[in-house]
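The values are calculated or read from the model by the stated rules, or taken from the named source; none is laboratory data. Keep in mind it's a predicted model, so treat the numbers as computed, not measured. Counting neighbours? That spans all protein chains shown, and the Cβs are built from the backbone with ideal geometry, glycine included. These accessible areas exclude ligands, DNA and RNA; they are computed on the full protein's heavy atoms, side chains included. Shrake-Rupley method; radii C 1.70, N 1.55, O 1.52, S 1.80 Å.
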Amino acid sequence: MPAKTGQQYMDRLKKANNNIYIHGERVKDVTEHPGLKNVVKSMAELYDVQHAKADKMLYNSPATGNKVGMTFLQPKTIDDLVARREAIVEWARTTGGMMGRSPDYLNAEVMAMGVSNDLFAEADPMFAENAKNYYEYARENDISLTHTLIHPQVNRGKAQHEQKDANVALHLVEKTKDGIIVDGIRLLATQGGITDEILVFPSTVKKAGEEDDPYSLAFAIPNNTPGLKFISRESFDYGKNEWDHPLSSRFEEGDAIVSFENVFVPWDRVFVCGNSSVCNRTFRETNAVVHMSHQVVSKNVVKTEFLLGVVLSMMDAIGIDQFQHVKDKGTEIMLTLETMRSHLYRAEQNAKLDQWGTMTPDYAALDAARNWFPRIYPRLVEILRVLGASGLMGIPTQADFQNEEIGAIIHRGLQGKNLEGYERVQLFRLAWDMTMSAFGSRQMHYEYYFFGDPIKMGMTYFDGYEKESYKEMVRDFLGKVNTPKPNFAKV
Ligand SMILES: Cc1cc2nc3c(=O)[nH]c(=O)nc-3n(C[C@H](O)[C@H](O)[C@H](O)COP(=O)(O)OP(=O)(O)OC[C@H]3O[C@@H](n4cnc5c(N)ncnc54)[C@H](O)[C@@H]3O)c2cc1C
């Protein structure tokens, strides 16, 4: 099946009957479950957008000529990169950037690893072939994906093989003629179970030593593979209507613990098997992290635009845009937006062809942006919260407005400078859901952590940054100071 429709996405999920547990129960049908059905509907809408905006969202498969999703495209020119970004932005605008795992995020990973697969061949040429074939399979069938990279948080002070129960984390149990058997736990699959397949890959930032080879795996399997369980955290979609919970009622993606109980993975789905050295280099040497960062930064530009729109509307609504510190806080968001846009522009315009013929964005620009956004996003949330003040708690529900006794009272009492009470509360409920509801808090936590621990990412950034030229600059400057050095023998 080429680029799928929303209905096809839902039909496939229904048929797969993935093994998901939520609120202590096995989910019978994700398309009907109260905690999952709305996000499934939103994902379906994204797949429909592909067809509604086919010019922007689809291209002709180089293998079959079928129309496939643009975010699977291997970019070969800067125009291709721009086309990928425009498709990403289209999806992000549908959600206000509130779905971190719209399909483009992992489509970028699969594309990059599929076309830049030499690294996987280090252990066996079959693994490179597998990565290439998986990319083509995912593209031609529009496979929706979740992924899991992290070992459980048992004792971060020790490597996996040193843990008191070294078999808790996902590990290799056995290699057989037909494939591998794996067992153990992985974290934390966003959209776990409401997608077709799961990618198991190493973390970009948590490097492993050779003794952790049994934990160093990369493969992809269907989410209904026997022995696989998704144990989802409680849903932050409380079944409220879209007026009351404009975001959590639509974009609550869910995060799941993934349990593998002696799961069989056929060889043709394995990319890395028991090789920490390859795992440690996977995301960087395949350029997957570069293309994923391109998606993330493009999405976060839209998210910042949306947040700015909400903050500016709040300022108008309660007449605070004339105050100096309020303007200054608005400026902070605008500067963030413009900075992110500049990173993106530089990344695309400085893109170069890599050794596999893929037009690859300038990683320096994207790496700076992906390290910076997790640090600045909490500040954007804080600005919204500070400016919203009591307005973020004086938020009656739609049912209150419909009540004959109190509806008219709050409609009048909660009016704004340019909005009636009902409209003003709708706006402030959006601001609350973006930042302070369970959904909103999770958004902040997501932006901080989803790409890895920002502290460790920052350490890697510092270590990898070219520092010598800056120190040289200072040495040169000081060396030219026009006063003689004292003779210390005489001092
Ligand atoms: C909402 C959300 C969604 C996510 N979705 C996914 C997903 O879909 N797929 C996926 O694979 N992962 C996902 N993640 C997990 C994410 O990749 C991790 O949260 C991130 O990599 C950090 O790892 P950790 O949570 O294990 O933190 P830990 O490594 O346990 O860190 C906890 C704290 O200890 C500190 N710390 C730990 N070790 C060290 C050290 N060696 N040196 C210094 N400080 C240290 C950290 O700085 C941090 O403050 C998601 C996370 C969140 C919050």
V173 vs. criteria within 16 Å of the ligand (Cβ to nearest atom), more than 24 Å from the chain's Cα centre (by Cα) and under 20 Å from P202 (Cβ atoms): no
Options Y448, Y422, Y470, Y465: the member that is within 30 Å of F306 (Cβ to Cβ) and without any contact (Cβ under 8 Å) to a residue 24 or more places away in the chain: Y422
Residue match in segment 255-267 (condition: assigned to a helix (DSSP H, G or I), assigned by TED's automatic domain parsing to the domain that holds T195, at pLDDT 95 or above and open to solvent by 20 Å² or more (accessible area, probe 1.4 Å)): yes
Matching residues in segment 313-332 - criterion: being open to solvent by 60 Å² or more (accessible area, probe 1.4 Å) and either of a type in the set (A, V, I, L, M, F, W, C) or outside any helix (DSSP H, G or I) (or both): I318, Q322, F323
All positions within segment 287-308 that are open to solvent by less than 10 Å² (accessible area, probe 1.4 Å), out of contact with any Lys or Arg (no Cβ under 6 Å at 6 or more places or on another chain) and among the polar types (S, T, N, Q): Q295, N300, T304
Helices (runs of 4 or more DSSP H) (entirely within segment 337-414) containing at least 3 residues that are within 29 Å of the chain's Cα centre (by Cα): 363-388
Residues that are in contact with a Gly (Cβ under 7 Å, 6 or more places away or on another chain) and open to solvent by 40 Å² or more (accessible area, probe 1.4 Å), drawn from segment 214-232: P214
Condition broken by Y465, with the remaining ones in (1) open to solvent by 90 Å² or more (accessible area, probe 1.4 Å); (2) of a type outside the set (A, V, I, L, M, F, W, C); (3) under 24 Å from S248 (Cβ atoms) satisfied: (3)
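Among the residues of segment 426-453, which ones are part of a helix (DSSP H, G or I) and either within 8 Å of the ligand (Cβ to nearest atom) or aromatic (F, W, Y) (or both)?
Across segment 426-453, the qualifying residues are F428, W432, F439, R442, H445, Y446, Y448, Y449.
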Residues that are within 16 Å of the ligand (Cβ to nearest atom), of a type in the set (S, T, N, Q) and open to solvent by less than 20 Å² (accessible area, probe 1.4 Å), drawn from segment 114-159: S144, T146, T148
Qualifying helices (runs of 4 or more DSSP H) (wholly inside segment 32-118; at least 1 residues being closer than 28 Å to A431 by Cβ): 37-52, 78-95, 104-115
So F451, is it under 30 Å from K206 (Cβ atoms) and either in the same structural domain as N241 (by TED's automatic domain parsing) or surrounded by 15 or more Cβ atoms within 10 Å (Cβ to Cβ) (or both): yes
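Yes/no matrix, rows are residues, columns are (1) away from the ligand (no atom under 16 Å from the Cβ); (2) in contact (Cβ under 8 Å) with a residue 12 or more places away in the chain:
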position	(1), (2)
H51	yes, yes
N60	yes, no
V68	yes, yes
D80	yes, yes
A83	yes, yes
E90	yes, yes
D104	no, yes
A108	no, yes
Qualifying residue in segment 438-449 (condition: over 30 Å from F236 (Cβ atoms) and of a type outside the set (S, T, Y)): no
Filter result for the condition that a residue is within 16 Å of the ligand (Cβ to nearest atom) and either at pLDDT 95 or above or on the phi < 0 side of the Ramachandran plot (or both), over A166, A208: A208
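One line per residue, one yes/no per condition, for (1) in contact with a Gly (Cβ under 6 Å, 6 or more places away or on another chain); (2) surrounded by 14 or more Cβ atoms within 10 Å (Cβ to Cβ):
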site	(1), (2)
T31	no, yes
K37	no, yes
A44	yes, yes
Y47	yes, yes
H51	no, yes
N60	no, no
T64	no, no
G69	no, yes
Filtered residue count, segment 333-363, keeping only those that are farther than 17 Å from R84 by Cα and open to solvent by 50 Å² or more (accessible area, probe 1.4 Å): 7
